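As structure tokens, the structure follows; a few thoughts come after it.
The values are calculated or read from the model by the stated rules, or taken from the named source; none is laboratory data. Values in this document were obtained by computation on a predicted structure and should not be read as measured data. Here the Cβ is made from the backbone with ideal geometry for all residues, glycine too, and neighbour counts use every protein chain on show.
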Amino acid sequence: MVKVPREYPDRPIVGVGAVVVRAGAVLLVKRASEPLKGHWSLPGGAVELGETLPEAIQREVREETGLEISILEVIEVFDRISRDADNRPRYHYVLIDFLCTPVAGSARPGSDVEAVAWAHPEEFPHYQLSEKARAIIEKGLALLGARQGQV
């Protein structure tokens, strides 16, 4: 099996992300490696060969935060492409973000993560989340509200 390099890949890499919500707070992770090293974002990572999307997001959240999750629904599917100075794709991910709730464990930093935090929307500016991450979180919170019969 030939492994696709994450940096300067020859094709997009499928990745998963999780908006894990507990009592109105969202689980955030501070990345320990590229891409996004040192930045706060949502837990997630690349899908491994032979792994389903649900298996991938459950594994990634467990590895990065120690939490077991329940998957509620897909929030969004999108491309994340980072280009170098010559406009070549340095990273290209096709990402599927899921709305999730924790079911077991307590959040703690695991693989590829420097820190974890539960943050309420009013605290997001402190974490300097990307515009896309904030949009995904907002969409996920709206979906959760709709599921709970709130508008």
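Residue 97: part of a strand (DSSP E or B), at negative phi and in contact with an Asp or Glu (Cβ under 6 Å, 6 or more places away or on another chain), yes or no? In short, yes. May I ask you to verify whether residue 86 is assigned to a strand (DSSP E or B), of a type in the set (Asp, Glu), surrounded by fewer than 15 Cβ atoms within 10 Å (Cβ to Cβ) and out of contact with any helix residue (DSSP H, G or I) (no Cβ under 7 Å at 6 or more places or on another chain)? It is false that residue 86 is assigned to a strand (DSSP E or B), of a type in the set (Asp, Glu), surrounded by fewer than 15 Cβ atoms within 10 Å (Cβ to Cβ) and out of contact with any helix residue (DSSP H, G or I) (no Cβ under 7 Å at 6 or more places or on another chain). Filter the stretch 127-141 for residues that are over 14 Å from the mean Cα position of the chain (by Cα) and at pLDDT 95 or above; which is farthest from residue 68 (Cα to Cα)? Among those that are over 14 Å from the mean Cα position of the chain (by Cα) and at pLDDT 95 or above, it is 127.
Could you pull out the residue among 71, 96 that is modelled with pLDDT of 95 or more and surrounded by 18 or more Cβ atoms within 10 Å (Cβ to Cβ)?
Numbers: 71 fails: surrounded by 18 or more Cβ atoms within 10 Å (Cβ to Cβ).
Sole residue among the options that is modelled with pLDDT of 95 or more and surrounded by 18 or more Cβ atoms within 10 Å (Cβ to Cβ): 96.
Residues that are of a type in the set (A, V, I, L, M, F, W, C) and within 18 Å of residue 80 (Cα to Cα) were ranked within the stretch 13-28; the one that is farthest from the chain's Cα centre (by Cα) is 13. Screening residue 149 with (1) without any contact (Cβ under 8 Å) to a residue 24 or more places away in the chain; (2) over 29 Å from residue 12 (Cα atoms); (3) assigned to a helix (DSSP H, G or I) gives one miss only, at (3).
Residue pairs whose Cβ atoms lie under 8 Å apart, sitting 6 or more positions apart in sequence or on different chains, and linking a residue in the stretch 67-94 that is free of Cβ contacts under 8 Å to residues at least 24 places away in the same chain to a partner that is in a strand (DSSP E or B) and of a type in the set (Phe, Trp, Tyr), are 81/91; 81/93.
Looking only at residues of the stretch 51-68 that are surrounded by 17 or more Cβ atoms within 10 Å (Cβ to Cβ) and among the polar types (S, T, N, Q), we find that the one that is farthest from residue 134 (Cα to Cα) is 58.
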